[in-house]
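So the structure is just underneath, and the comments pick up after that.
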Amino acid sequence: MARNKEALLLLIDVSPPMHRLLPEVEKLCSMLIQKKLIYSKSDEVGIVIFGTEETENELMVEVGGYEHVMVFWHVKVVDIDLFKALHKLPRGNTVGDFLDALVVGLDMLLKKFGPTNKGKQRLCLITSAQHLTKEPYEGTKEDQVDAISAQMKAHGIRLDCIIVRGKLTVPVDQKIIEENDQLLNRFSKKTNAKVVHVDNPISLCGALRTRNVSPVTIFRGDLELTSLMKIKVWVYKKTSVEKLPTLKKYSEEAPPTDKYASREVKVDYEYKSLDDSSKVVPPEQRIKGYRYGPQVVPISSAEWEAVKFKPEKGVKLLGFTDASNIMRHHYMKDVYVVIPEPGHVKAIVAVSAVAKAMKDLNKVAIMRCVWRQGQANVSIGLLTPNISSMDNVPDSFYLNILPFAEDIREFQFPSFSNFPSSLQPNKEQQVAADNFVTSLDLASPDKEEALKPDLTPNPVLERFYEFLELKAKQPDAEVPPLDRSFKQITEPDPELFSKSKTVLDVIRNKFVLKENPKIKKSTRRLWRDKPSTSNEREDLQEEGPEIESGDVTRSSLVKKVDEIGNLTPIQDFEAMMARRDSPIWVSKAIKGMKVFIYDLLENSYKGDTCDQAVECLIALRRGCILEQEPAEFNQFMQYLCHKCKENDLKEFLKLLRTRQITLISKKEAEDSSVEEDAAKNFLVKTEAVD
Amino acid sequence: MDYDPDDLFRDDDEDNENEFYQIKDATKELAVYLIDASPKMFIPQNEREDGQEETHFYIVVNSVAQALRTQIINRSYDEIAIVFFNTREKNNLQDLSNVYVFNVPDREQLDRPTARLVKEITHVGETFISKIGSQYGIISGSRENSLYSAIWVAQALLRKGSVKNTDKRMLLFTDEDDPFGGIRGMAKTDMTRTTIQRAKDAQDFGISIELLPISGTDQQFNISLFYADLLGLEGEEVAQFIPLAGEKFQDMTDQLRKRMFKKRRVRRITFSITDGVSIELNTYALLRPALPGSITWLDSVTNIPLKSERSYICADTGALLQEPVKRFYPYRNGNVLFSVQELADVKRLATGHLRLLGFKPLSCLKEYHNLRPSTFLFPSDEEIAGSTCLFVALHRSMLRLKRFAVAFYGSSAHPQLVALVAQDEITNPSGQVEPPGMHMIYLPYSDDIRHPEEVHTPADVTPCPRATDDQVEKAAALLKRVDLKDFSVCQFSNPALQRHYALLEAFALGEDEMPQTVDETLPDEEGMSRPGIVKAVEEFKTAVYGENYDQEEAEKAKSSGSDASKKRKAAAEHAAKESSRYNWDELVDSGKLKDLTVVELKYYLTAHNLPVTGKKEALISRILAHLGK
């Protein structure tokens, strides 16, 4: 059996209370199978369902009893048929007895593997545990649990229990529920079992790790309190982003008929000198250049190796400090967990003592960490206690990485208390905000905490694997919309928000939010969010391009105007003329406006742009008088009239006359070379010509 | 249309995961350090540890040198100039007296800092008096106005670069709060007026002026005498301007570190609170790992940079390809093809930027709920008026009720749940330590959380051993002993980075001796060996380990060792035995070495602790080399 191969037997409750959640169970299990098909192809999986009308299991045949338990899939290597079969789990309509199911499952594993494969077998029970379990033939139910536990322990079989209740639709006997919970919790005391309670579909999908990553230590050795006292520890990653699988680049070169083509693309890097691109510089003729400001300093790797920073491997204590000295937002990376060396009793006790003392005194420890010999850098670690809630799991520490002085940017921000009172909430508003924060509660004590990271699956991964399956069947399939139940992660819970409707209305009324009038409609649409019921895909297509255009216009407004745009040319022009941060703006504005007017006329179809051109011209004239730049305008005007005659834009000239737009005269601007009369006559003259 | 490059980059970089860690600044910063060099700055203040006297000038120059080193690490593209005023000598294009632009060869006056500049400014104090000299520039009876000239020179230097994508700043260091105090009458009003006008002109050109005043031991720097007018501070702003509390080097360095980089937002996002209620937020990256600069490949003969070319080759046919746009994944006995666009679409979950989902008590945010450095959020009223008010209200409620907000951040690279944790402002006498606002903490999904601590649960489920109360008590005593009182995350500089740049500086200047850098992250051995601590450690050790732990461990290591190491040891012994059967010298001399098998050759190599990799020829040559033949 492969090293990490696992045998998994799913025990699924299909009795009526589960029906509502079975679609999610199906989804969870098929995801599990799909990932096994991808990542661990030789794992074996079986499925037992219980709460069915029919009964089908060996125990019934052999010893009788064990009704309503049905072996749906025998334990064997995962294949696509299982994946398909999972899409239609039968619904049962009798009571589901999870103890019976456990015995059947255990029996199957024992028969199949016997004494082999210790520690590589797992039972996964998904049940609502709402039905009373049958009294055993002898002893108490507790005894039965203990007997099962003993068997499981002897064969190294693990147990994951997922108890799904959701909102109880039918009144259920609390006593039964309590008894069942006690029985299930008893497992976790007696054997290697983990019990998780979930009450919504999303947490159900997150409750079971669908992909098994066998953990790898990143450090094994001493945690050095001082040179006198060391504790043997192992360090693992506690969190690590699970990415989409790496896809390879596809080559279409090989003929489609070639079955053995790898279709892969190799990427080759060549280094060439800047001036002679035909010359490839061989690796031995290359040297690394390190940047120091503008300089590039060539240093050979041997030289660098000799002098560079080489920390000694080790995890050393720098000191303890009050937890309040560390800001939560200073955590830099994914998180590690430091556990005492497995089986080393003294280390387990030592870690437990330090962790408990840290917890009691509310202290944290600062460590210097070098995981491997030859590592390029050290990191500053923060140890926080992790007191185990499970009897058989030792206490440990979480380790977060803290920043160095170089990693921090100390920007200064204004104090809120120094803001003018218009930007500060008044008493009423503050009360409204308080109510808002209290009422939109995701972790009310009477309910399971919603959106708990530990139980919230990554919707992107789910969607990718769904898409992968779709595409395998139908290569031109489109990206599927996000599954309904996953909307709960990306969008506010409609139930919670509608329950707090009055509070929300108060927020809406008490706080006046006004969009900046300068901002175009497209951006306005963006910030007024869509109602959450609309389909995400539609949103995508509609809003995709708009975001971009919105951002561009927005940025040009936020920044000072520095060019003449199509939408508000006159305003842009005036804004530019008014800019005083550099003298170039006036000339830039005038030039920009001229080009704009010229373009308008050039692109005019039957004079349809003449009106706008005239308006712009008036603005230009006004600006030129204001800035005492008459020559700029007059020359342009003469040029325009000349052009118009050539291009048959009489419409425009007519407009000029009716609007009485003339050259700028000496009277209006000192620098002008045109006398008042001449200015007035200008248009008359042009008329005469045509 | 020419877009503002800053905005363009901001939209593009969303797609790249790596970009998250690089604070992309399309804009450049130009800064002139204006340093007062009047005789007053050279009055000895207090003695340093090494016996030398510390002057204000010393403090300033050293902080500037340190700031430049930081700048090389963080923003080496920015350009700076160093200008001394109230000097004896003059050096500036305008030929104004009492102003000296400090520079080194191969560098323009306003340019990126080079290794030589950093080095020379560090040592400028040693030769300053003899080479540049200190002399009051503003004396009664003279028309000279050194402050005016200094600002003029600085402004002229900053003429470079467009207004649009550069930030221009002057940083003025002085301990004289009343530069025109020595003159009277018309001359004084006149000079005051013209100097203020000059500063105003500079500000009109988009140059900001920042003052870093130094207070004397006996007397506070009084901003209202003159500089409030120069900076254009009004009313409350004057009172809010906090002059340096102390006059120590550390204070100045701290102050400069805070002012050195201009505040830049990374992105503007919309925070949707509920349908129809959205506010505008700016995001800032206050925390990103600083990395050593990227390397450039050079031609080792000419030291000229090389350009790298990437080519795609079909693995089946060897044909050269354009960059492929399709990706594939082997699945179910076939290949599933994806276009890059489809993959991007899969990742796109929500178009909204940041969407509020609800609130939770702070205790729900666990220590291991972290993946990346956090992002800071601060409200802005620029686009949506009223944003600040609502933000402040929520901020206060969240602080008071000890709750954080859970929101969905729909970035296109990695859409995920985030926790928004309100942070109250924290100040100390030297200024703001933590700005008010919210920190966005990226939360893991269940797929990202592992449970390695549960893997090693012992097969027999006896409850795991726990520490007894007495042991915990002993541990607590130890904790109290080894306490870092005023720990702050800023107190360690990155030893690898410091060494990296110190080495580069030395290499760049062609120095023979390599610099020594201090690793501040090493534990304080001396402090740890204080009797009180040693005693606490010993007591704790005895409590949890019992007596003779070290011996037990040593024996354990000796007797057991790990299986692998045992095996290795056995193999080595075996090889040594086998190896001794051959007469290697004779084999070599007779040329019969090549007749041996690889296994036999390896006996020799293993016995002599040499690498056993490579082809037969490599093994033979290694043996020959070892035998010295």
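Overview of values
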item: From A:P403, A:P481, residue being in contact (Cβ under 8 Å) with a residue 40 or more places away in the chain and open to solvent by 50 Å² or more (accessible area, probe 1.4 Å); result: A:P481
item: Residue that is nearest to A:K288 (Cα to Cα) [pool: residues in the range B:292-319 that are surrounded by fewer than 16 Cβ atoms within 10 Å (Cβ to Cβ) and more than 7 Å from every other protein chain (Cβ to nearest Cβ)]; result: B:T302
item: Any hit, the range B:109-121, residues being more than 10 Å from chain A (Cβ to nearest Cβ), touching a residue at least 24 places away in the same chain (Cβ under 8 Å), within 21 Å of B:T166 (Cα to Cα) and not small (G, A, S); result: yes
item: Residue list for the range A:309-332, filter: more than 7 Å from chain B (Cβ to nearest Cβ), in contact (Cβ under 8 Å) with a residue 60 or more places away in the chain and not hydrophobic (A, V, I, L, M, F, W, C); result: A:K310, A:P311, A:E312, A:K313, A:G314
item: Number of the exception - A:E466 against (1) over 23 Å from the mean Cα position of the chain (by Cα); (2) open to solvent by 30 Å² or more (accessible area, probe 1.4 Å); result: (1)
item: Residue within the range B:122-129 that is of a type in the set (S, T, Y), more than 36 Å from the chain's Cα centre (by Cα) and open to solvent by 10 Å² or more (accessible area, probe 1.4 Å) present; result: no
item: Residue match in the range A:420-436 (condition: part of a helix (DSSP H, G or I), under 30 Å from B:S412 (Cα atoms) and of a type outside the set (G, A, S)); result: yes
item: Subset of the range B:167-191 [open to solvent by 30 Å² or more (accessible area, probe 1.4 Å) and at negative phi]; result: B:D167, B:E176, B:D178, B:G182, B:R184, B:M186, B:A187, B:K188, B:T189, B:D190
item: Answer residue from the range A:420-435, given it is within 7 Å of another protein chain (Cβ to nearest Cβ) and not polar (S, T, N, Q) and is least open to solvent (accessible area, probe 1.4 Å) among those; result: A:A433
item: Filter result for the condition that a residue is touching a Leu at 6+ places or on another chain (Cβ under 8 Å) and touching a residue at least 24 places away in the same chain (Cβ under 8 Å), over B:P292, B:P305; result: B:P292
item: Number of the exception - A:G289 against (1) under 30 Å from B:D512 (Cα atoms); (2) part of a strand (DSSP E or B); (3) open to solvent by 40 Å² or more (accessible area, probe 1.4 Å); result: (3)
item: Qualifying residues in the range B:346-360 (those that are outside any strand (DSSP E or B) and touching a Ser or Thr at 6+ places or on another chain (Cβ under 9 Å)) - the one farthest from the other protein chains (Cβ to nearest Cβ); result: B:H353
item: Matching residues, the range B:45-70, being modelled with pLDDT of 80 or more and touching an Asp or Glu at 6+ places or on another chain (Cβ under 6 Å); result: B:H56
item: In the range A:436-463, residue least open to solvent (accessible area, probe 1.4 Å) [restricted to those that are acidic (D, E) and more than 7 Å from every other protein chain (Cβ to nearest Cβ)]; result: A:E462
item: Enumerated helices (runs of 4 or more DSSP H) restricted to the range A:47-128, each holding at least 2 residues that are open to solvent by less than 50 Å² (accessible area, probe 1.4 Å) and under 23 Å from A:V145 (Cα atoms); result: A:98-113
item: Among the residues listed as B:T283, B:T270, the single one being within 7 Å of chain A (Cβ to nearest Cβ) and modelled with pLDDT of 85 or more; result: B:T270
item: Residue under evaluation A:V370, criteria (1) buried (at least 18 other Cβ atoms within 10 Å of the Cβ); (2) more than 7 Å from chain B (Cβ to nearest Cβ); (3) more than 31 Å from the chain's Cα centre (by Cα), criterion not met; result: (3)
item: Matching residues in the range B:527-557 - criterion: being open to solvent by 70 Å² or more (accessible area, probe 1.4 Å), more than 18 Å from A:P340 (Cα to Cα) and either part of a helix (DSSP H, G or I) or acidic (D, E) (or both); result: B:P531, B:K535, B:E538, B:E539, B:E547, B:Q551, B:E555
item: Any strands (runs of 3 or more DSSP E) falling wholly within the range A:314-393 and containing at least 2 residues that are more than 14 Å from A:W234 (Cα to Cα); result: A:314-322, A:363-370, A:379-386
item: Selection status of B:D470, part of a helix (DSSP H, G or I), open to solvent by 60 Å² or more (accessible area, probe 1.4 Å) and either at pLDDT 80 or above or more than 7 Å from chain A (Cβ to nearest Cβ) (or both); result: yes
item: Which numbered condition B:Q322 fails, given (1) surrounded by fewer than 17 Cβ atoms within 10 Å (Cβ to Cβ); (2) at the interface with another protein chain (Cβ under 7 Å from one of its Cβ atoms); result: (2)
item: Condition met for A:D268 (open to solvent by less than 60 Å² (accessible area, probe 1.4 Å), within 8 Å of chain B (Cβ to nearest Cβ) and of a type in the set (D, E)); result: no
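The values are calculated or read from the model by the stated rules, or taken from the named source; none is laboratory data. Being a predicted model, the structure only gives us computed values, none of them experimental. Glycine gets a Cβ as well: all are built from the backbone with ideal geometry, and neighbour counts include every protein chain shown. The area values use the complete protein model at the heavy-atom level, side chains included, leaving out ligands, DNA and RNA. Shrake-Rupley method; radii C 1.70, N 1.55, O 1.52, S 1.80 Å.
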